[in-house]
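Step one of this worksheet: look at the structure below.
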Amino acid sequence: MRDPRRRNRNIGTSASGHGADNRMRIPARWSDASLYWETLRNYVTIEKPLHERQVTFLVEPPRSGHRHHCTVQDTMRVLEMLPPAHVEWLDLVVFRQPTAKQNALAPVWGRLAYWSEIGTHSGTGIFLDAQPVDLVMKWGTSLRPEDQTELERLRNAGFRVEPHSRGYRIHSTPEAIRASQLFETLPHEVGHYVDYMAARATYEWGGDDGRFWELYDGKPSRDKEAFAHRYAADFRRSAESERRIPFPQAYDPDSIRQDGLDPTWFAQI
């Protein structure tokens, strides 16, 4: 039976109407069914064991002035802290390099792909984007309540928030970016899939996969985000209380090279 996620992998993206009224768009080729974040160049493939199964890492070289701020070993360490049932669906972890236009129009720390196809690799994946080494974010003065909450999360991760007349300048450090992606974004994306699995168990969809996706895609985005934020916050509180996080970066050039990667692709912290 064909996995329904393959037919509905655009859920939550512009292909399902999200952001359809935005005037500026990231270009896509009509001849290519791939989503823009599935387009990787010269990536390295690594297999890692996770709770008695294999997860595939796809690592794309960062462009000049960018780095991957989490190492493969760092990412594995956090994933191993999560309950096996919460990550048993995970097939891919992708370290990707956004284009300049993607950085300008759709900057993200990471995302969940309910189904993704990259070369010969496919499945459900978490994507973590390379970030500029001198990242400064500019926010306006009109912040929604959820934006204020996000601003506080950034402060807690180590970002320096500088108010000014037109809003805020948010100054990063490699340590702050790593903390945000590793201890916030990664469990947040896992939380989205935990929410999805809970929906499959509770929605009345009668085994009709198309109906289920219609129901789940119709769930308000704010509710999905609230669940994922709670999941990440619960993980962080528990792991901090048990002194499992934060932990020093796993940056071993020899080990990185053994995986076929270049140590200079990663921010050394």
Inset, instruction - Could you please tell me which pairs satisfy a Cβ distance under 8 Å, a separation of 6+ or placement on different chains, a first residue in the stretch 232-249 that is more than 15 Å from LEU79 (Cβ to Cβ) and part of a loop (DSSP other than H, G, I, E, B), and a second residue that is of a type in the set (Asp, Glu) and open to solvent by less than 20 Å² (accessible area, probe 1.4 Å)? - result: GLN249/ASP74
Legend entry - Scan of the stretch 169-179 for residues that are part of a helix (DSSP H, G or I) and open to solvent by 10 Å² or more (accessible area, probe 1.4 Å), ordered by number: PRO174, GLU175, ARG178, ALA179
Inset, instruction - Determine the pairs where a residue that is at positive phi, located within the stretch 51-72, has a partner that is of a type in the set (Val, Ile, Thr) with Cβ atoms under 8 Å apart, the partner being 6 or more residues away or on another chain. - result: HIS51/VAL87; GLY65/VAL133
Legend entry - Total residues in the stretch 120-138, condition within 25 Å of GLY191 (Cα to Cα) and at pLDDT below 95: 0
Inset, instruction - Of the conditions (1) under 19 Å from the mean Cα position of the chain (by Cα); (2) modelled with pLDDT under 65; (3) of a type in the set (Gly, Ala, Ser), SER34 clears all except one; give me its number. - result: (2)
Inset, instruction - Name the residue, out of ARG160, ARG96, ARG144, that is basic (Lys, Arg) and closer than 21 Å to ALA226 by Cα. - result: ARG144
Legend entry - Total residues in the stretch 172-190, condition farther than 12 Å from THR75 by Cα and over 11 Å from the mean Cα position of the chain (by Cα): 6
Inset, instruction - Please find, among GLU225, GLU214, the residue that is among the acidic types (Asp, Glu), assigned to a helix (DSSP H, G or I), open to solvent by 70 Å² or more (accessible area, probe 1.4 Å) and touching a helix residue (DSSP H, G or I) at 6+ places or on another chain (Cβ under 9 Å). - result: GLU225
Inset, instruction - Just give me the residues in the stretch 49-59 being assigned to a strand (DSSP E or B) and surrounded by fewer than 15 Cβ atoms within 10 Å (Cβ to Cβ), in sequence order. - result: PRO49, ARG53, GLN54
Inset, instruction - Identify the single condition in (1) out of contact with any Ser or Thr (no Cβ under 7 Å at 6 or more places or on another chain); (2) surrounded by fewer than 16 Cβ atoms within 10 Å (Cβ to Cβ) that HIS192 does not satisfy, given that it satisfies every other one. - result: (2)
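The values are calculated or read from the model by the stated rules, or taken from the named source; none is laboratory data. What you see is a predicted model; the values in this text were computed from it and never measured. In this analysis, Cβ positions are derived from the backbone assuming ideal geometry, glycine residues included, and neighbour counts consider all displayed protein chains. What goes into the accessible areas is simple: the full protein's heavy atoms, side chains included, and nothing from ligands, DNA or RNA. Shrake-Rupley method; radii C 1.70, N 1.55, O 1.52, S 1.80 Å.
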